[in-house]
Each structure stands twice: as C-alpha cells, then as structure tokens.
Amino acid sequence: MIQKKKVEITETVFRDAHQSLLATRMRTGDMLPIADKIDQIGFWSVEMWGGATFDVALRFLRECPWERLRMLRKAMPNTRLQMLLRGQNLLGYQNYPDDVVEKFVERAAAAGIDVFRIFDAMNDVRNMKVAIEAALRQGKMVEGTICYTISPVHSVDYYLPLAEQLAELGVQAICVKDMAGLISPYAAYDIIKTLKSRLSLPVHLHSHCTSGMAPMSYIMAIEAGVDRLDTAISALSQGTSQPATEALVAALQDTPYDTQLDLKKLGEIADYFYEIRTRYAEFESAVNNRVTADILISQIPGGMLSNLVNQLRQQKSEDKLDAVLAEVPNVRRDLGYPPLVTPTSQICGSQAALNVLSGKRYAVIAKETRNYMMGFYGEAPGVIEEEIKQKILGTKQPITCRPADLLQPGLEKARKEVGDLATSEEDVLSYALFPNVAKEFFLWRESRANAKGALAAEASGS
Ligand code: CO
C-alpha cells in the first residue's frame with residue numbers, strides 16, 4: 001500500500017505571482033479584502049513579503065511595507081506568513097552589515113513573519129548564515145534555499161553538500177528555488193529524491209512556468225517525495241508565475257497526496273483576482289504570458305533579456321543583441337558559472353554587452369565584474385581561469401573572507417542620518433536598505449500628514 005502523504009501548498013499570490021506578472025505592483029488595499037478567505041483555505045503558508053515587494057512598495061506605491069505586513073498579519077491569524085529574503089542582501093542589491101541584517105530579521109519576525117525563505121544568488125552559505133541564525137533565534141522557521149541552475153558544475157553532487165551545510169545550521173526545511181523555471185521533470189525527480197533520501201528535512205520546490213515545464217516537474221517532484229510546492233491562484237498563475245493552485249489541488253484529489261484544499265473556495269478567490277488583475281493591465285507584458293522555450297537554450301531569464309535590450313537601445317546598438325546573447329554564456333563560464341539571478345544576471349549581461357560593443361573581450365571591464373572577481377558577491381561555484389582573473393583584476397588579489405566581514409556596522413549610522421524623518425525602528429531599517437527611496441517616502445508621508453492636519457483644523461474651524 002502506498003503511504004498517504006498530503007502535499008502541502010504555499011500560495012504565492014501576494015508576492016511572487018504579482019512580482020512575476022504585474023511588475024510587483026499589487027497594492028495592500030487589493031490584498032486585504034480577500035485575506036480572510038485565503039486565511040480559511042488551509043495553505044501551509046502564504047508568501048506575502050520580501051523579494052521585490054519591499055522596494056516597490058516604497059518606491060512606486062508610496063506604501064510602508066511594514067504596515068502591509070502588520071495588516072496582513074492581523075487579517076490572516078491562522079496561516080503561516082512567509083517571506084523571501086536574499087541573505088546578506090536582505091531585500092536590496094548589496095551586502096548589508098550584520099547588525100542591519102540581524103535587526104531586520106528581528107523586526108520582520110516581530111511584525112508577523114513565520115517562515116523565512118533565505119537564499120543567496122551565489123549559493124554561498126556564508127552569505128546566508130547570519131540571516132538564518134537571526135531568524136532561528138527569533139523562534140521562526142527557516143527554509144534554507146538552493147538556487148537551481150544548469151551548468152557543467154551544477155549537478156546533484158553540487159546541491160547535496162549545499163543542502164547539508166544548510167541543514168547543519170539548523171534550518172527546518174530545504175527549498176529548491178528554480179527562479180527561472182529551468183528545472184525539467186526528471187531533473188526535479190533526481191534532486192528531490194536525493195535530498196529526501198539523504199536528509200531528514202521537509203523539501204519544498206519553487207518553480208515558474210516560464211518554460212512550460214513546471215507543472216510536470218511538480219508531479220515528478222511529488223513522485224520523488226517532495227513535501228511542499230509553491231503555486232499561485234489561477235487568476236495570477238502560469239506564464240512567468242507559478243503553476244495554478246486549483247490545477248494542482250485537482251490533480252492530487254483522491255490520490256495519496258491529496259492536499260485536502262477546497263476547490264470551490266479556491267474558485268471564489270480566483271474570481272476576486274481575475275477582477276483585480278484588470279486593474280494592473282498597464283503592468284502586464286505579453287512576454288510574461290507565453291511559454292518561452294528559448295530560455296532552455298539561452299538560460300537567459302526574461303527580466304535579464306529586457307534589461308539587455310534597454311541597455312543596447314541606449315547605445316543605439318540593438319542590432320548587436322544576438323551577438324550579446326551569444327556572448328552571455330561565455331562570460332558566465334569565465335565567471336565560474338554563477339546562477340543567472342539578480343545580481344549575477346546583470347553582471348554577466350552587462351559584461352557581455354561591453355565585450356561585444358568594445359570589439360574586444362574584457363577590453364572594458366564593468367565595476368561590477370571587477371567586484372565579482374574580487375569575491376565581493378561570494379565564492380563562484382566553478383573554477384575561474386587564472387588568465388581571466390588577471391585580465392579583470394590585474395595584480396589585485398581577491399578576498400578570501402566572507403564579503404560582509406569587510407563592512408562596518410550600519411544601524412546607528414542609518415539612525416543618525418535619517419533623524420526625525422524616521423518614526424519607528426522599522427523606518428530606520430527601511431532607510432538602511434534604501435536610503436534615497438525611503439527618505440523620499442518619509443518626506444511624502446510627512447507632507448501628506450501635514451496636509452491632512454491642516455484640513456482637519458479647517459474643518460473644525462480652528
Ligand atoms: Co520565484
């Protein structure tokens with residue numbers, strides 16, 4: 001007899017689904033009316049914070065991300081709230097000092113995050129350790145995360161020791177994060193089977209439908225014993241987003257893996273989001289809604305492609321796009337096969353463009369390429385040829401320590417700089433992550449409060 005093993009679901013509609021399909025623009029006001037219904041479904045967790053949502057809320061929506069967290073926490077008392085955290089980068093694009101990382105995780109936990117999915121673009125555990133330990137100290141759950149990619153160095157033999165290192169840090173689950181939607185059904189089977197047989201931790205798979213394979217890969221992952229899967233409610237699923245929640249729930253009904261989730265209630269949630277999605281039409285892109293099998297050859301994620309096109313357009317060199325795309329894998333090989341995810345995707349893309357536009361490889365070297373070679377992003381997965389190293393660094397020697405060891409504490413400095421504009425510890429953290437964006441938001445908030453105060457005074461006749 002097959003042993004019954006319910007597959008658990010993380011719903012991504014409040015984070016990755018709209019980050020993937022609607023340029024991360026969903027507002028808190030469009031989340032709150034449906035939060036109670038989502039809370040009643042019985043999802044293992046709901047991913048609703050982190051990734052790009054923090055930056056976008058401050059930068060474009062004029063919303064305080066911390067307030068969103070507190071409001072959703074209140075609206076969803078029965079469901080684990082989950083966030084995506086880029087290790088020492090937190091939610092930004094650089095390494096932050098340890099005191100900032102620790103305080104950020106502490107405040108996020110206090111405001112309501114139950115599950116921290118912690119990853120690093122380079123899969124360098126040193127860049128994840130401080131954040132992982134901080135979350136565990138708060139008594140919260142951590143999914144130690146492996147960024148999945150394809151290269152000559154990325155095999156199961158590479159991922160297993162990585163997972164073991166994360167397990168040693170005390171994480172409660174391992175997540176395989178296939179951020180570009182590259183994982184094939186049989187690759188998913190192999191990696192999940194290996195992790196399940198060698199570790200005694202739950203394994204969670206995260207993928208995207210970009211290449212069209214994710215639903216198949218999910219089924220194979222289930223066959224291999226995966227414990228949890230990420231899906232998005234149908235209205236914001238597929239394309240560059242996750243497989244549809246309802247489809248997976250239906251596929252597993254009356255099997256040993258039955259999720260026990262209610263399809264009718266899920267349908268009501270989908271109806272809500274079909275309507276919501278129309279409000280964000282200006283952020284939709286046709287490319288996000290098709291099967292992009294190209295990615296299987298080029299491995300160039302959609303976001304990276306649009307960045308490259310923009311960069312070439314600015315140089316009036318759009319005709320060089322094919323040459324640049326052909327150069328990207330060469331640069332990636334030269335840099336020791338980093339996974340192509342922020343920020344390494346931009347580094348490889350920009351350097352490939354420079355190599356083509358200048359007419360000679362590494363005749364012009366981007367600052368970021370040099371920093372990468374110096375080890376400031378972490379350790380490269382593969383070997384870097386001595387010749388390439390010399391071309392990029394000259395006589396300079398790369399660092400051998402953890403990149404964040406080179407940083408001075410940052411919290412008190414941020415507190416001093418932001419001054420009275422910050423009205424809470426959370427504000428200080430927002431400022432420490434995104435000084436300019438946060439400051440602009442605080443000024444706007446202050447002017448709005450003043451205007452409201454003036455209106456109120458006028459209304460009361462004083
Ligand atoms: Co994702």
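The values are calculated or read from the model by the stated rules, or taken from the named source; none is laboratory data. For clarity, every value in this text was computed on a predicted model and none was experimentally measured. Because the Cβ atoms are built from the backbone with ideal geometry, glycine has one as well, and the counts that use them run over all protein chains shown. Heads up: the accessible areas ignore ligands, DNA and RNA and are worked out on the full protein's heavy atoms, side chains in. Shrake-Rupley method; radii C 1.70, N 1.55, O 1.52, S 1.80 Å.
Tell me the Kirkwood radius of the chain: reciprocal of the mean inverse pair distance over distinct alpha-carbon atoms, in Å. Kindly include the intermediate steps, with their values, before the conclusion.
Numbers: mean 1/r = 0.0432 Å⁻¹.
With all distinct Cα pairs of the chain included, I get 23.1 Å.
Report the extension gain between Arg279 and Glu446 in nm, rounded to one decimal, defined as 0.36 nm multiplied by the number of residues separating them, less their alpha carbon distance.
Here the answer is 57.3 nm.
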Practice prompt. Among Thr423, Val203, Phe104, flag the residue with its Cα farthest along the positive direction of the charge dipole of the chain, charges on Cβ as +1 for Lys/Arg and -1 for Asp/Glu.
Written response: Thr423
Fill in: From phi via Karplus (6.51, -1.76, 1.60), per-residue ³J(HN,Hα) for segment 32-48 in Hz, x at Gly/Pro
4, x, 10, 4, 5, 4, 5, 4, 8, 5, x, 4, 5, 7, 10, 7, 8
Item to complete: Can you list which of the trypsin sites (Lys or Arg not before Pro) found in segment 193-271 are DSSP loop residues with at most 13 other C-beta atoms within 10 Å?
Response: none
Fill in: Calculated on alpha-carbon atoms, Rg and Dmax of segment 304-458 in Å
21.5, 72
Worksheet item: What is the set of long-range amide H partners of Glu143 at a cut-off below 5 Å, with H atoms built 1.01 Å from backbone N?
Response: Phe116, Arg117, Ile118
Worksheet item: So, in nm, how far is label Asp294 from label Gln94 when the simple model puts each one 7 Å beyond its Cα toward the Cβ?
Response: 3.3
Worksheet entry | Average projection area in nm² (convex hull over Cα atoms of segment 410-451, one quarter of hull surface) | 2.6
Practice prompt. Using a 1.4 Å probe over the heavy atoms of the protein chains, calculate the carbon and sulfur portion of the accessible area of segment 286-405 as a whole percent.
Written response: 50
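Could you please report the charge total around Leu429, scoring K, R as +1 and D, E as -1 over all other residues with beta-carbon less than 9 angstrom from its beta-carbon? Intermediate results must be reported in sequence, preceding the final value.
Numbers: positive: Lys103, Arg107; negative: Glu425, Glu426, Asp427.
Taking every Cβ under 9 Å from that of Leu429, the sum is -1.
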Worksheet item: Round to a whole number: what % of the accessible area of segment 1-119 belongs to carbon and sulfur, probe 1.4 Å?
Response: 46
Worksheet item: Can you list the residues, at least 5 places off or on another chain, whose amide H is less than 5 Å from the amide H of Arg80, using H built in the peptide plane?
Response: Val46
Worksheet entry | Selection of trypsin sites (Lys or Arg not before Pro), segment 56-93, meeting DSSP coil and at most 14 other Cβ within 10 Å | Arg62
Fill in: Within the chain, helix-based [θ] at 222 nm, where runs of 4 or more DSSP H residues each add -39,500 (n - 2.57), nearest 500
-14500 deg cm²/dmol
Discussion item. Quick check for you: with a 1.4 Å probe and neighbouring chains kept, what is the accessible area per residue of the chain, in Å²?
Written reply: 43
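Using Cα pairs under 8 angstrom and six or more residues apart, how large is the relative contact order of the chain, in percent?
Reported as a whole number, the value is 16 percent.
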Worksheet, complete the sentence: Per DSSP, the loop-located chymotrypsin sites (Phe, Trp or Tyr not before Pro) within segment 42-124 having at most 14 other beta carbons within 10 Å are Tyr93
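Given the convex hull over the Cα atoms of segment 8-283, what projected area results after averaging over all orientations, in nm²?
Dividing the Cα hull surface by four gives the mean projection, 13.3 nm².
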Worksheet item: In percent, what relative contact order does segment 286-405 have, based on Cα pairs under 8 Å that are 6 or more apart in sequence?
Response: 22
Fill in: Whole-angstrom Cα spans of segment 182-324 along principal axes, big to small
57, 41, 21
